[in-house]
1. On C-alpha positions alone, give me the angle between the axis of helix 117-131 and the longest principal axis of the chain, in degrees, nearest 10.
2. Only helical DSSP H runs with n ≥ 4 go in: add -39500 (n - 2.57) per run for the chain, normalise by residue count and round the 222 nm mean residue ellipticity to 500 deg cm²/dmol.
3. Helix 252-262: angle to the longest alpha-carbon principal axis of the chain, degrees 0 to 90, nearest 10?
4. Which loop-located trypsin sites (Lys or Arg not before Pro) does region 133-210 contain, where loop means any DSSP state but H, G, I, E or B and the Cβ has at most 16 other Cβ atoms within 10 Å?
5. Would you be so kind as to identify which of LEU141, ILE48, PHE38 lies farthest towards the positive end of the dipole of region 38-156, taking Lys and Arg as +1 and Asp and Glu as -1 on Cβ and the Cα centre as origin?
6. Taking the Cα centre of region 38-156 as the origin, how large is its charge dipole in debye, to the nearest 20, when only Lys and Arg (+1) and Asp and Glu (-1) carry charge on their Cβ atoms?
7. How many lysine pairs are close in the chain, with Cα atoms under 25 Å apart and the two 8 or more places apart or on different chains?
8. Applying a 10 Å radius around every beta-carbon, put 31-38, 179-186, 66-73 in order of their mean neighbour count, most first.
Amino acid sequence: MHLQLRLFLLCALLFAAAPGALADARDDASSSASRDAFMLQVEKAHIIGDLTKLIQLRAEIKENARDDYAANYDLAYLLWRQGQLLYDDDHDDERQEIFELAHERIERALELRPDDIEARILMSGTLNSLAGESLFARMRLGRRAYNLCLENAERAPKNPRALIQRGLMYHFAPKTFGGDLAAAHATFRAAFDHFDPSEEGPGAWPNWGSMDSAGWLGQVLVKEGRIDEARAVYQQALAAHPNARWIREELLPKLEGDVAAHD
């Protein structure tokens, strides 16, 4: 009789707790879906080069939520992409300031989750962007960015964002420091093949990188003299995002212009 009573009480407790647990699960799922949808807007704005939209979206992120990992990561990503849209002489100071803010936010995200691979990858990106601002910055941050990139590639060898950054190291490093065009090609190809170009937002956030992988793979193919393959990569990317500014307004016209110049 005592055993039956204990079982009854246990079942009662489980059923009493279930609604709350289910509600928490629903709240978590709703929050995740909302974040995915919001960051998809950020990603689309970056891809088409809509700086005004990025600034509007920035105002919607909780900038004072310093103990919220997702808010810090998402703001760091948005700022990093915003800075990338400011590569002209008129915005040098503003761009550097934005990259510094992005780096500060991703540092905070990593304080909250020290082993989070996506935050580590984004930090590698912000470090590289800051290192590119001046010779002094390259001397100060370049080695740290390089080491972090290698560590990320070892920790997450199939992560497409880690692959993109490893490919950039192969692409830009001198041969004496590991530069290798063939390795860059293979690495960018692996990242590019990860993404389904027919999907606007493949998987949960973070899922950025589809246009990055297409743009860099295409440029490596051009360097290798594989013009038709490069054009096909760009066209595949534009089939998914017809207004992708980097590819539509810069990379593809440059490819076609170079081809015309050699005809």
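1. Computed tilt is about 30 degrees.
2. Estimated from H runs of four or more residues: -25000 deg cm²/dmol.
3. Taking Cα atoms only, the helix is inclined about 20 degrees.
4. Values: sites: ARG138, ARG140, ARG143, ARG144, ARG155, LYS158, ARG161, ARG166, LYS175, ARG189; in loops: LYS158.
Here the sparse-neighbourhood loop sites are LYS158.
5. Going by the charge dipole, the pick is LEU141.
6. The dipole of region 38-156 has a size of about 320 debye.
7. 9
8. 66-73, 179-186, 31-38
No value in this document is a laboratory result; all are computed from the given coordinates. Here the structure is a predicted model, which means the values were calculated and not measured. Cβ: placed from backbone, ideal geometry, glycine included. Neighbour counts: every protein chain shown.
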